[in-house]
């Protein structure tokens, strides 16, 4: 991002029109609203949650929504479902952001290098293909199984699973950019490959990177939920939407609210990210306009 | 055509090596001594040492890797620590529910997804388009295991139409089996239908704008023939790619769904193996799924050649 910031002349003249273009789309407005809602919930969790998410109250267990000040009911230990959903936003978003940073950071680096250096490409691209030859969730479960369940292993496992997708897309974008005449001009002026790669190629593949980041975020939220649901993700001591659903499964016949609300929270977050990502892709890729 | 298939098979080899290597390394790095685990808590250090020697665990990494690759070549996945049976047998025992679930869900996903994608494309920007695309968008944003839980609440607990959980094996009758798998298959299938609908729509829109479609309409062909025979056939390749991916996602998604509905499939086997730290089973299942996935993609690749002769001659 710092590289893009060094070019104020270009970005200030383009940015307003791009933002106007972007936010003229209904899907982007709706998506941003849902994302903002979730981010605010996560940030303000301590202030807006009516109860301590881990406060036990056995006398009040499995209360349906709307009873005794528990708007969304209570779980099998009498913990307030609303407060747990609110605090779950913190866990899910934090882990999601960490996965995006990991997958997009390393994926971009690999994509840049493989798109630019043919010799490295031979080896690294085969490894990326190999990683992509696993159904994602299966690989992630195996990795968390070997490394032990924790938030860190979830980030590592899902990061490694999503990284090759980013790498592949950035690589193909780099393959296009590196043939453009301004890159040739840089080399003619005596710039090193490294300099051209980071100073000129990277800023020009920013759009696919940003689009990928949005979609990886939505996969990450779903992936974390699935791993935590299966008991190989976030440990039960920390409320996360996924492990709330794992507990809800046991009580599904008695207490539907334990399952409904964490799932809705996941859906709202992922829907927001998908809507935003779709709009962003359409705005950044004029070829797809009007779809 | 045979030449085309042969070429695909050869390019597959390097892709096969990476998962093999990765799975072996993963197991090699896993904490705990397999020999100690196999002998139980009251084994002496000497017994453990002897078994380590016997299992070749004291050999250098590369020697172990090649011995292991040799065993893999004969489809010997080793023995489960917990189940006391060969991993291959454990996998084969649990194959039926997973295959049935995947095929059932895939059928739902393809039929619902392609039909709504085509309808949306034909009625571009109309009411049907907007409704089906909104539903598809919401669908792809749901965790399928949560959708499964909600289906249980509505159709199993409230209306008592389907069983809450469990699996009826195929030998107790095909329809009984299908019945027991309906809720799980619908929950994964409909979510995947969302993806297929979106790609079908955009792929159809690409093709509908082409000259040969206008020609087909101009020569007076009925709309149905134009859409189904001319447009759909040409829009099929991206759709097929997504269906190939869907297969993999279904296998992965089946893990959570098998947990939700308590179906004794491969996914349950993997999750239980992780809980019991039964590493040979983890390794075997991961490898099995990776190989299945690779061969499905190969199959999809070969199908491209049949659908679009241009692919074959590239």
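The values are calculated or read from the model by the stated rules, or taken from the named source; none is laboratory data. In this text the structure is predicted, and so the values were computed from the model without any measurement. Using ideal geometry, Cβ is built from the backbone for each residue, glycine included, and neighbour counts are taken over all protein chains shown.
From the list B:212, B:174, which residue is over 20 Å from the mean Cα position of the chain (by Cα), more than 27 Å from residue B:259 (Cα to Cα) and surrounded by fewer than 18 Cβ atoms within 10 Å (Cβ to Cβ)?
Among B:212, B:174, only B:212 is over 20 Å from the mean Cα position of the chain (by Cα), more than 27 Å from residue B:259 (Cα to Cα) and surrounded by fewer than 18 Cβ atoms within 10 Å (Cβ to Cβ).
Please verify whether the range B:279-291 includes one or more residues that are touching a strand residue (DSSP E or B) at 6+ places or on another chain (Cβ under 8 Å) and at pLDDT below 85.
Among the residues of the range B:279-291, at least one is touching a strand residue (DSSP E or B) at 6+ places or on another chain (Cβ under 8 Å) and at pLDDT below 85, which makes the answer yes.
Scan the range B:141-154 and tell me whether some residue there is touching a helix residue (DSSP H, G or I) at 6+ places or on another chain (Cβ under 7 Å), without any contact (Cβ under 8 Å) to a residue 24 or more places away in the chain and loosely packed, with under 15 Cβ neighbours inside 10 Å.
No: zero hits.
Select, from B:278, B:206, the only residue that is closer than 30 Å to residue B:16 by Cβ, facing chain A (nearest Cβ under 10 Å) and out of contact with any helix residue (DSSP H, G or I) (no Cβ under 6 Å at 6 or more places or on another chain).
The conditions single out B:278.
With the structure loaded, tell me whether residue A:69 is in contact with a strand residue (DSSP E or B) (Cβ under 9 Å, 6 or more places away or on another chain) and surrounded by fewer than 24 Cβ atoms within 10 Å (Cβ to Cβ) or whether it fails that test.
yes
Do we have residue B:107 as farther than 20 Å from residue B:279 by Cα, touching a residue at least 24 places away in the same chain (Cβ under 8 Å), more than 14 Å from chain A (Cβ to nearest Cβ) and under 26 Å from the mean Cα position of the chain (by Cα) here?
yes
Go through (1) outside any helix (DSSP H, G or I); (2) free of Cβ contacts under 8 Å to residues at least 24 places away in the same chain for residue A:138 and report which single condition fails.
(1)
Given the residues B:40, B:78, B:70, B:56, which is the only one that is touching a residue at least 40 places away in the same chain (Cβ under 8 Å) and away from chain A (no Cβ under 14 Å)?
That would be B:78, the only listed residue that is touching a residue at least 40 places away in the same chain (Cβ under 8 Å) and away from chain A (no Cβ under 14 Å).
Which of the residues spanning the range A:228-245 are surrounded by 22 or more Cβ atoms within 10 Å (Cβ to Cβ) and within 9 Å of another protein chain (Cβ to nearest Cβ)?
Hits for the range A:228-245 are A:229, A:230, A:232, A:241, A:242, A:245.
Restricting the search to the range B:262-275, which residues are over 17 Å from the mean Cα position of the chain (by Cα) and more than 10 Å from chain A (Cβ to nearest Cβ)?
Within the range B:262-275, just B:272 meets the criteria.
Touching a residue at least 40 places away in the same chain (Cβ under 8 Å) and surrounded by fewer than 24 Cβ atoms within 10 Å (Cβ to Cβ): which single residue out of B:249, B:226 fits that description?
Being touching a residue at least 40 places away in the same chain (Cβ under 8 Å) and surrounded by fewer than 24 Cβ atoms within 10 Å (Cβ to Cβ) holds for just one of B:249, B:226, which is B:249.
How many of the residues making up the range A:164-173 are farther than 17 Å from residue A:202 by Cβ and surrounded by 22 or more Cβ atoms within 10 Å (Cβ to Cβ)?
The number of residues fulfilling the criteria is 1.
Going through the range B:244-256 one residue at a time, which ones are more than 10 Å from chain A (Cβ to nearest Cβ) and under 27 Å from residue A:249 (Cβ atoms)?
B:246
Of everything in the range A:107-146 that's more than 8 Å from every other protein chain (Cβ to nearest Cβ) and closer than 27 Å to residue B:278 by Cα, which residue is farthest from the chain's Cα centre (by Cα)?
Only one residue tops the list, namely A:132.
Somewhere in the range A:273-281, is a residue more than 12 Å from every other protein chain (Cβ to nearest Cβ) and over 26 Å from residue A:78 (Cα atoms)?
Yes.
What are the residue pairs meeting all of these: first residue in the range B:10-27, first residue more than 7 Å from chain A (Cβ to nearest Cβ), second residue exposed (fewer than 15 other Cβ atoms within 10 Å of the Cβ) and at pLDDT 75 or above, Cβ atoms under 7 Å, and 6 or more apart or on different chains?
Matching pairs, first to second residue: B:20/B:69.
Given the criteria crowded, with 17+ Cβ neighbours inside 10 Å, more than 23 Å from the chain's Cα centre (by Cα) and more than 14 Å from chain A (Cβ to nearest Cβ), does residue B:119 qualify?
Yes; evaluated as a whole, the condition is true for this residue.
Would you pick out the residues in the range B:47-77 that are surrounded by 12 or more Cβ atoms within 10 Å (Cβ to Cβ) and over 27 Å from residue B:289 (Cβ atoms)?
Result: B:47, B:48, B:49, B:50, B:51, B:52, B:53, B:58, B:59.
For the structure I just gave you, tell me whether residue B:186 is closer than 26 Å to residue A:267 by Cα, surrounded by fewer than 23 Cβ atoms within 10 Å (Cβ to Cβ) and within 11 Å of chain A (Cβ to nearest Cβ).
no
From (1) more than 26 Å from residue B:126 (Cβ to Cβ); (2) surrounded by fewer than 23 Cβ atoms within 10 Å (Cβ to Cβ); (3) more than 14 Å from every other protein chain (Cβ to nearest Cβ), pick out the condition that doesn't hold for residue B:241.
(3)
Those residues that are more than 12 Å from residue B:157 (Cβ to Cβ) and without any contact (Cβ under 8 Å) to a residue 24 or more places away in the chain, I need them from the range A:246-263; list them, please.
A:246, A:249, A:260, A:263
Considering every residue within the range A:259-271, establish whether at least one is at pLDDT below 90 and touching a helix residue (DSSP H, G or I) at 6+ places or on another chain (Cβ under 8 Å).
Within the range A:259-271 (the criterion being at pLDDT below 90 and touching a helix residue (DSSP H, G or I) at 6+ places or on another chain (Cβ under 8 Å)), the answer is yes, since at least one residue qualifies.
If residue A:219 passes every condition in (1) more than 11 Å from chain B (Cβ to nearest Cβ); (2) under 21 Å from the mean Cα position of the chain (by Cα); (3) crowded, with 18+ Cβ neighbours inside 10 Å; (4) outside any loop (DSSP other than H, G, I, E, B) but one, which one does it miss?
(1) is the only condition that residue A:219 fails.
Among the numbered criteria (1) in contact (Cβ under 8 Å) with a residue 24 or more places away in the chain; (2) within 14 Å of chain A (Cβ to nearest Cβ), which single criterion is violated by residue B:64?
Every condition holds for residue B:64 apart from (2).
If a residue has to be part of a loop (DSSP other than H, G, I, E, B) and out of contact with any helix residue (DSSP H, G or I) (no Cβ under 9 Å at 6 or more places or on another chain) to count, how many in the range B:38-85 make the cut?
7
Here's a check for you: in the range A:149-177, which residue that is farther than 22 Å from residue A:221 by Cβ and out of contact with any helix residue (DSSP H, G or I) (no Cβ under 6 Å at 6 or more places or on another chain) is farthest from the other protein chains (Cβ to nearest Cβ)?
Looking at the filtered set, the residue picked out is A:176.
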